[in-house]
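The values are calculated or read from the model by the stated rules, or taken from the named source; none is laboratory data. In this text the structure is predicted, and so the values were computed from the model without any measurement. Positions of Cβ are generated from backbone atoms using ideal geometry, with glycine treated the same way; all protein chains shown enter the neighbour counts. All accessible areas refer to the heavy atoms of the entire protein, side chains included, with ligands and DNA or RNA removed. Shrake-Rupley method; radii C 1.70, N 1.55, O 1.52, S 1.80 Å.
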2 protein chains.
Amino acid sequence: MTVLILTSEEDVTADMVVVHLNATGVPVVRLDPADLTGGVALSGEFVHGAFRGHLSAAGRLVSIGGLRSVWMRRPGTPAARAAAPSAWLAEEAGQALYGMLRGCDARWMNHPDAARRARYKPWQLRLAQRCGLPVPATLITTFPQAAREFAARYPDLVVKPVSGAHPQDPPRAVPTSRVAPDADFSAVAFGPTLLQRRVAKRADIRLTAVGERLLAARKATGAEAEVDVRFAESATPWRPVEVAPRVAEAVRAYLRDAELAYGAFDFVEDADGTWWFLECNQSGQFGFVEVDTGQPIARTIAEWLARPVAGQEAHVNGVSAKAT
Amino acid sequence: MTVLILTSEEDVTADMVVVHLNATGVPVVRLDPADLTGGVALSGEFVHGAFRGHLSAAGRLVSIGGLRSVWMRRPGTPAARAAAPSAWLAEEAGQALYGMLRGCDARWMNHPDAARRARYKPWQLRLAQRCGLPVPATLITTFPQAAREFAARYPDLVVKPVSGAHPQDPPRAVPTSRVAPDADFSAVAFGPTLLQRRVAKRADIRLTAVGERLLAARKATGAEAEVDVRFAESATPWRPVEVAPRVAEAVRAYLRDAELAYGAFDFVEDADGTWWFLECNQSGQFGFVEVDTGQPIARTIAEWLARPVAGQEAHVNGVSAKAT
């Protein structure tokens, strides 16, 4: 049973996980869908009610039925590096590859459907609320009057994008910024705007969830509190921190409802020690946390990927069984 | 409880359904996401663990919590008709609109995640197989040798796109075509190719599924059998036809597993009367079938959309409760 990793060639985070997988002898195939139909080939046959599919990369052939897990790390656009790339070829190659993979019994980190849904910020906030995580008062609106009323109720405000990164090439992250309550909100009418009560924080929290395992890190706020820690230079390192049982329970409920095997949760900790949910990035980076804290995130991911599929142990072939 | 229809302004198929909804007095809001943030506005507040969201279109305000169903008919790209459209605005508007709608308890025809997954042809074939529908032998491959071997086994072949329409503007459908078994398959290496055993057909079947209700129509093959009936001019009309219990059971299993409330199934009927699964289009047109057969497809969709959400009957307001 093989672990399939879909990512670009240069991905040191994936390298970290592969090292652990190799150490345990689990067969790994790593490929970038962008290399369809150059270095990567595929074939699937639907005959007499059965499906047999194969992927080939770097001269290795792997059966789609023999996959134990699929790690959607940072896959490129299908066939992007083909001799004659086109939107049509990307669509055909993507349909073929993911259409076949979607029919397999492997465990996904994360499944494309769950990943897609998990990116919707309003959906995240609603789910976090339902799971019992504290969410700062938030408004998403195209009504200037609603924005004004919200600013009157919560004068200490930040504004941030509803979606993630700005779709430039390369994509540009848009930092969270403070906004004055008496700002001119009339432009809200031209595009949905996300306003959120600013939480006076004493620390940022990054909680990395891998399956059932939760690894949290804390970065104390310096003298100059940064609104958006992602864009701040800071000498303060991330330090491991315990997760309160109530938070752990809520985070696991979130992952279960979101059908995510991996999630990078961003919280801010207020003066009372409460962790306020900001977002959960289903493909969030973890290398910087592992470097600072020494938490075994890459190894935990490798262990999750290596876990056999329920009921598939019997199908482990000789090669896989021998590998150590 | 309101029915929300997301579609473009000019959509006669949606008009047919709205007529039935209006006749029963069920409140309907119809809007095109392309009209964000012109004629369409939205607002959602996440405060103290609760969510309150609203949509406004054509001067009508509807509560997102008060939606009984959402019909994803033919929604335009979010904010496409805004004063200053951009990829960024489309992303922000789409995240805001669908992010909020995804948090509601309404029934979807079809849910965006189910719809997206249902477009993958390899996934369709696999699911149809598992549900017990006969699927013509099919190969999807980038290996020329695999194509040659398949053609030797099934010399009467057709080739068709793995994905749907060619992404031109406007998109162009690519017809299914016959291919000779001794064709030069070397170009298969440059793009995934779908080869399928051609079924010698005596009729085409369009089975429209709306919830549990199945409405099938049959078009007898003329003297000149068309390979792809979608592109053929034909004097033969569609006629209603019974669905065999075994097929009905398999189709319902398909819809259940695919989590689809609506599906347009294309089959071909062979000389033995067997229906061979070709595809299930989760957004397939139905007007032409209704016109030919008189089958009440639009009314059945209206009934499905009007059905109250389980557990929400208590919230039906006076207007809805009176409607019959």
Quiz item: Are any residues in region A:52-76 in a loop (DSSP other than H, G, I, E, B) and surrounded by fewer than 16 Cβ atoms within 10 Å (Cβ to Cβ), and if so, which ones?
Solution: A:58, A:59
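Could you go through region B:57-80 and let me know if any residue there is facing chain A (nearest Cβ under 7 Å), over 19 Å from residue B:29 (Cβ atoms) and either of a type in the set (Ser, Thr, Tyr) or out of contact with any Pro (no Cβ under 6 Å at 6 or more places or on another chain) (or both).
So far as region B:57-80 goes, no, none of its residues is facing chain A (nearest Cβ under 7 Å), over 19 Å from residue B:29 (Cβ atoms) and either of a type in the set (Ser, Thr, Tyr) or out of contact with any Pro (no Cβ under 6 Å at 6 or more places or on another chain) (or both).
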Quiz item: Tell me, which residue of region B:273-311 that is open to solvent by less than 40 Å² (accessible area, probe 1.4 Å) and in contact with a His (Cβ under 7 Å, 6 or more places away or on another chain) is farthest from residue B:246 (Cα to Cα)?
Solution: B:302
Quiz prompt | Selected residue [farther than 17 Å from residue B:36 by Cα, open to solvent by less than 40 Å² (accessible area, probe 1.4 Å) and more than 7 Å from chain A (Cβ to nearest Cβ)] from B:90, B:114 | solution = B:114
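Would you confirm whether or not region A:3-21 contains a residue that is among the polar types (S, T, N, Q) and assigned to a strand (DSSP E or B)?
Taking region A:3-21 first, the residues among the polar types (S, T, N, Q) are A:7-8, A:13.
With assigned to a strand (DSSP E or B) added as a condition, the list becomes A:7.
Looking through region A:3-21, at least one residue is among the polar types (S, T, N, Q) and assigned to a strand (DSSP E or B).
Would you pick out the residues in region B:231-271 that are of a type in the set (Val, Ile, Thr) and under 12 Å from residue B:131 (Cβ atoms)? Steps first, answer last, please.
As a first pass, look at region B:231-271 and keep what is of a type in the set (Val, Ile, Thr): B:236, B:241, B:243, B:247, B:251, B:268.
If the condition is that a residue be of a type in the set (Val, Ile, Thr) and under 12 Å from residue B:131 (Cβ atoms), then B:247, B:251 are the ones that fit.
Kindly establish whether residue B:12 is open to solvent by less than 30 Å² (accessible area, probe 1.4 Å), at negative phi, touching a helix residue (DSSP H, G or I) at 6+ places or on another chain (Cβ under 9 Å) and away from every other protein chain (no Cβ under 14 Å). Give the steps one after another, and end with the answer.
Values: open to solvent by less than 30 Å² (accessible area, probe 1.4 Å): no; at negative phi: yes; touching a helix residue (DSSP H, G or I) at 6+ places or on another chain (Cβ under 9 Å): yes; away from every other protein chain (no Cβ under 14 Å): yes.
So residue B:12 does not fit the description; no.
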Practice problem: Those residues that are open to solvent by 20 Å² or more (accessible area, probe 1.4 Å), more than 10 Å from every other protein chain (Cβ to nearest Cβ) and not in a loop (DSSP other than H, G, I, E, B), I need them from region A:29-51; list them, please. | Solution: A:30, A:35
Practice problem: Considering only residues that are under 20 Å from the mean Cα position of the chain (by Cα) and among the β-branched types (Val, Ile, Thr), look in region A:16-28 and name the one that is least open to solvent (accessible area, probe 1.4 Å). | Solution: A:17
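Being open to solvent by less than 20 Å² (accessible area, probe 1.4 Å), within 30 Å of residue A:189 (Cβ to Cβ) and facing chain B (nearest Cβ under 9 Å) is true for just one of A:124, A:95. Which residue is that?
Numbers: A:95 fails: within 30 Å of residue A:189 (Cβ to Cβ).
It is A:124.
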Self-check item: Count of region B:185-194 residues which are at the interface with chain A (Cβ under 10 Å from one of its Cβ atoms) and not in a helix (DSSP H, G or I)
Solution: 4
Self-check item: Matching residues, region B:130-160, being surrounded by fewer than 21 Cβ atoms within 10 Å (Cβ to Cβ), closer than 26 Å to residue B:252 by Cα and within 9 Å of chain A (Cβ to nearest Cβ)
Solution: B:130, B:132, B:134, B:136, B:137
Exercise. With the checklist (1) modelled with pLDDT under 95; (2) within 26 Å of residue B:235 (Cα to Cα); (3) away from chain A (no Cβ under 12 Å); (4) open to solvent by 60 Å² or more (accessible area, probe 1.4 Å) in hand, flag the one item residue B:182 doesn't pass.
Key: (2)
Exercise. Could you list all residues from region B:261-272 that are crowded, with 17+ Cβ neighbours inside 10 Å and of a type outside the set (Phe, Trp, Tyr)?
Key: B:261, B:263, B:264, B:266, B:268, B:269
Self-check item: Hey, residue A:120 of a type in the set (Ser, Thr, Tyr), on the phi < 0 side of the Ramachandran plot and assigned by TED's automatic domain parsing to the domain that holds residue A:277 or not
Solution: yes
Self-check item: residue A:153 being among the charged types (D, E, K, R), in the same structural domain as residue A:263 (by TED's automatic domain parsing) and farther than 19 Å from residue B:37 by Cβ
Solution: no
